[in-house]
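Heads up: the structure comes next, in structure tokens.
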Amino acid sequence: MKLDRLLTMTMILINRKKVTAQEFAELFGVSVRTIYRDVDTLSQAGIPVVSFQGVNGGISLIEGYRMDKQVLTEGELASISIALKSVLTSYQDPHAEAVLEKITGIAEGAVKNTSDYLFIDYSPWGTTPFLKEKMTMIKQAIESSACITFTYGNAGGKQSVRKIEPHTLVEKGRSWYVYGFCQLREAFRLFKIARMKEIKGSEDKFVRREIDLSERPWDQEWNAPQNTVALKLAFQPEHRLMMEEMFGIEAIADGASIIKVDVPEDEWLYGFILSFGNKVKVLEPIHIREIVAKRAKEILENYM
């Protein structure tokens, strides 16, 4: 940890003209005395670090000092910085922030130029800090292998108290989820973070289970034959482009305004179909056609 702290201190000092010992101590969770010992260690290692006393004092590097950047190219470092900045829009991560400081110190010009023409923001519209707070809490639980409890509302509005072993944060379809082992269902489940409330950490620890994330197990569960129905929709020709973007061109029959797609059937599906209004019509299965028609009628009656 000390070596990592020393490297991070060096990168931060490259980016900033001066940093106080107290700022470093708070960042790393150590004492001011430890920071001054680190300064001595850096000096002995040949890093030109100096400290100034007084009200405007602090720790800095001799102007013009730069680290060797032969390991990665400036373009590669810029790509990493884009990924880190994107992640940091969703949750707080001091480690990612420290790495970003290092990269900026090594390739300041490339990182700045990239920031000027590309920025990926995963946060929702408006000032909603609650999602970021949830994400940060869940990430900390994952890193410490600690269980969490929360109240969860499914797509049908039914709520239940869950206790899970959180394994992975997943960004899917512009929404954030946590993939974990649910002790209630005794199986892995994907929970939408926006539907989680009253999240609490637990003192109960767990041993991380072996999962192959490269196979995206949440997709396999979503598309499992026993969980899906063959949905057939008709749409108006003028909406073809929108349907292609939504379902994929492969789901649309050649020369026809028909969509065929296998999807899980639940409350979300009914609401999803209704969200298209009169732009689509369910052809099959018949029972889903009847459910959607009934829901549409109930909506109309609600406004009469």
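No other residue among E210, E238 is part of a helix (DSSP H, G or I) and charged (D, E, K, R) apart from E238. For the range 190-226, residues that are surrounded by 14 or more Cβ atoms within 10 Å (Cβ to Cβ) and under 25 Å from R289 (Cβ atoms) total 1. Taken over the range 269-304, the criterion of being over 23 Å from N154 (Cβ atoms), in a helix (DSSP H, G or I) and not polar (S, T, N, Q) is satisfied by G277, K279, I286, R289, A293, K297, L300, E301. Taken over the range 9-39, the criterion of being β-branched (V, I, T), modelled with pLDDT of 80 or more and under 30 Å from the mean Cα position of the chain (by Cα) is satisfied by I12, V30.
Results for (1) more than 30 Å from L283 (Cβ to Cβ); (2) assigned to a helix (DSSP H, G or I); (3) of a type outside the set (A, V, I, L, M), shown as yes or no for each residue.
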position	(1), (2), (3)
S160	yes, no, yes
H167	yes, no, yes
V170	yes, no, no
R189	yes, no, yes
I199	yes, no, no
Q226	no, yes, yes
A230	no, no, no
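Within the range 172-189, the set of residues being loosely packed, with under 13 Cβ neighbours inside 10 Å and closer than 27 Å to S86 by Cα comprises G173, R174. Does at least one position in the range 254-264 carry a residue that is under 26 Å from K158 (Cβ atoms), free of Cβ contacts under 8 Å to residues at least 24 places away in the same chain and loosely packed, with under 13 Cβ neighbours inside 10 Å? Looking through the range 254-264, none of the residues is under 26 Å from K158 (Cβ atoms), free of Cβ contacts under 8 Å to residues at least 24 places away in the same chain and loosely packed, with under 13 Cβ neighbours inside 10 Å. Could you go through the range 225-246 and let me know if any residue there is at pLDDT below 90, touching a His at 6+ places or on another chain (Cβ under 9 Å) and not aliphatic (A, V, I, L, M). So far as the range 225-246 goes, no, none of its residues is at pLDDT below 90, touching a His at 6+ places or on another chain (Cβ under 9 Å) and not aliphatic (A, V, I, L, M). Filtered by the rule that a residue be of a type in the set (S, T, Y) and closer than 18 Å to D266 by Cα, the range 139-174 gives Y152, S160.
Taking only the range 37-63 into account, find how many residues are part of a helix (DSSP H, G or I) and exposed (fewer than 15 other Cβ atoms within 10 Å of the Cβ).
Quick first cut of the range 37-63, residues part of a helix (DSSP H, G or I) only: 37-44.
Now narrow it down to the ones that are exposed (fewer than 15 other Cβ atoms within 10 Å of the Cβ): 37, 40, 43-44.
Qualifying residue count, the range 37-63: 4.
Being over 24 Å from the mean Cα position of the chain (by Cα), modelled with pLDDT of 90 or more and either farther than 28 Å from S86 by Cβ or not in a loop (DSSP other than H, G, I, E, B) (or both) is not true of K260. Which pairs do you get when a residue that is farther than 17 Å from I14 by Cα, found in the range 30-48, comes within reach of a residue that is surrounded by 16 or more Cβ atoms within 10 Å (Cβ to Cβ) and basic (K, R), reach meaning Cβ atoms under 9 angstrom, with the pair 6+ apart or on two chains? Pairs that qualify, where the first residue is farther than 17 Å from I14 by Cα and the partner is surrounded by 16 or more Cβ atoms within 10 Å (Cβ to Cβ) and basic (K, R), are V30/R5; T34/R5.
The values are calculated or read from the model by the stated rules, or taken from the named source; none is laboratory data. Predicted, not measured: the structure shown is a model, and the values here were computed from it. Quick reminder, even Gly has a Cβ in these numbers, built from the backbone with ideal geometry, and neighbours come from all protein chains shown.
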